[in-house]
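Below: one structure, written as structure tokens.
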Amino acid sequence: MGLIDKLRAELIDIIEWVDDSRHTLVWRFPRFNNQIKHGAQLIVRPGQAAILVSQGRIADVFGPGQHKLVTANLPVLSTIAGWKYGFDSPFMAEVYFVSTRQITDLKWGTPNPVMMRDPDFGPIRVRAFGTYTLKAQDPKILLEELVGTDSEFQSDEITELIRSIINTGFADVVAKSEIAVLDLASNYQNLSEKVRHLVVERIDNEYGLEIPQLYIVNISVPAEVEQALDTRTSMSVIGDMAAFQSYQLGQAMPVAAGNPAGGIAGAGLGLGMGMAMAGPMLSGGAPGQTGPQAPPPPLPASWHIAENGQSVGPFTPPQLAQAASAGRVRPDTLVWTQGMAGWTSANQVPQLLGLFGASPPPLPPAVESG
């Protein structure tokens, strides 16, 4: 191989970029010290744009297709280099490929809560996260404002800035929307589009980028607010709270009264809950009836009895009734409960008169027949 053939082999005659990365926005063709051959083939694939830079100035921009680099196709470069009548010699130029397709798997989120005024709950903090897509809208502005002399520019180098712009736009849109927190979910699409427009206005002219799609996936409130909302929802589902309480008492009464470990306390609790449930019914109302009702009777007292000169007890009313049936408690048995001044015979306590059967009245005198 002669010297001329060797020099020709050093010249670049095919310029292309096979993009195997989904996050590369700009890539510079590795020319090194080689020169571009006059008449070289520039191959620009779909979703790409090629920019030639000469002497630090952006020269010509090529879209998808196969281009032959000759004077007719390089008007700006020819003017910069002073080739007015064509040229056959190699030329020096940097070739940048710009990806113009969408980068789809990008996410954003609010690092700090955003304050908003809710018509129901007042000032409240919300967080949000979502996804967006990124695309090079103007390759020349992108190259001038962000890339500079970098040989490669990834989307990760701009995502932090874009996320900050999205967060600012989201805070502005939510604060001005005056939408209640409970209604935000039904307005995700409308809010997403408003946020996208704010972001595009900022990055389109400044950085040559476009946000084709932006979505709000979720807007959340603090955990304590979620618990309050759940409680409010539960109360709405229950509806009549009095009926629900009566139902709860009815379910708990047999469990409490039948608990062997509860002893006297369990029996008294069961009786007390039964009386609490029966109170509205005895007064002519229903367990779930609303409106003025008589207050429920107090829980039954505990009783002590005098037996063999000693105080024995306490006894609940059911246990006292059982002792009366067995003859252990008689009308003359001394009893005492809290609130009484001293020991009193059982037949002198109005609450205990029902423990002893009423004595039948004396028979009328016999009438003598005449």
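The values are calculated or read from the model by the stated rules, or taken from the named source; none is laboratory data. Just so it is clear, the structure is predicted and the values come from calculations on it, not from any experiment. Quick reminder, even Gly has a Cβ in these numbers, built from the backbone with ideal geometry, and neighbours come from all protein chains shown.
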Handout entry: Near pairs, Cβ below 8 angstrom, 6+ apart or cross-chain, from the range 133-146 (more than 19 Å from Val44 (Cβ to Cβ)) to any residue that is in a helix (DSSP H, G or I)
Key = Leu134/Ile158; Leu134/Thr159; Leu134/Ile162; Glu145/Glu206; Glu145/Tyr207; Leu146/Glu157; Leu146/Ile158; Leu146/Tyr207
Practice task
Go over the candidates Thr131, Thr104, Thr149 one by one and state the one that is at pLDDT below 90, in a strand (DSSP E or B) and of a type outside the set (Lys, Arg).
Solution key: Thr104
Practice task
Could you list all residues from the range 152-171 that are charged (D, E, K, R) and assigned to a strand (DSSP E or B)?
Solution key: Glu152
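For the range 47-63, give me the residue count where each residue is touching a residue at least 24 places away in the same chain (Cβ under 8 Å) and either in a strand (DSSP E or B) or out of contact with any helix residue (DSSP H, G or I) (no Cβ under 9 Å at 6 or more places or on another chain) (or both).
Selection size over the range 47-63: 11.
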Exercise for the section: Tell me, yes or no, whether the range 321-340 has at least one residue that is at pLDDT below 55 and assigned to a loop (DSSP other than H, G, I, E, B). Expected result: no
Exercise for the section: Scan the range 165-186 residue by residue and report those that are of a type in the set (A, V, I, L, M, F, W, C), touching a residue at least 24 places away in the same chain (Cβ under 8 Å) and crowded, with 17+ Cβ neighbours inside 10 Å. Expected result: Ile165, Ile166, Phe170, Ala171, Val173, Val174, Val181, Leu184
Practice task
Please go through the range 187-204 and pick out each residue that is farther than 20 Å from Ser177 by Cα and free of Cβ contacts under 8 Å to residues at least 12 places away in the same chain.
Solution key: none
